[in-house]
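The values are calculated or read from the model by the stated rules, or taken from the named source; none is laboratory data. Just so it is clear, the structure is predicted and the values come from calculations on it, not from any experiment. No Cβ is skipped: glycine too gets one built from the backbone with ideal geometry, and neighbour counts run over all protein chains shown.
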Amino acid sequence: MVRFSIFIAAAAIIGLGVIGMNQLDKDNGMAFLLGALTLGGGFLICGLFSLKMQWHGIVGAGVLALLGLGRGILNLPGIAQFFSGDRPRGSAPAFELATLIICAYLLLRIWQAWTRELIRRRMEEPFEE
């Protein structure tokens, strides 16, 4: 189920990049598209990698989600300006907020799956006195 979330996040971020390129001016649109293709492509690669080695791909996607979340947190002042009505960058902060939410959701899903796996492995270990 986590793999499905990784693939959906990859598609959503790449889709946001394409929509952002069409909605934003040329320079901001290309910059956002490049970032979205990089992050979304990374998620796609991690999702494909998880088909062969499950936890390596999932943890890799978790690291990418953490990087995307960190970058999104740095964009919070621009998002606050956007919602207060000051929009010098157009609708770019809205796309950045959507990417931030996707990364936060995916990081939460990966964290939950990882903790469930750790608990499962601990339950399988033989009891030692």
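At-a-glance table
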{"item": "Residue check for Ile58: more than 24 Å from Gly20 (Cα to Cα), surrounded by 15 or more Cβ atoms within 10 Å (Cβ to Cβ) and not charged (D, E, K, R)", "result": "yes"}
{"item": "Any hit, segment 73-93, residues being under 14 Å from Gly62 (Cα atoms) and at pLDDT 90 or above", "result": "no"}
{"item": "Conditions (1) touching a residue at least 24 places away in the same chain (Cβ under 8 Å); (2) surrounded by fewer than 21 Cβ atoms within 10 Å (Cβ to Cβ); (3) not β-branched (Val, Ile, Thr): number failed by Leu64", "result": "(2)"}
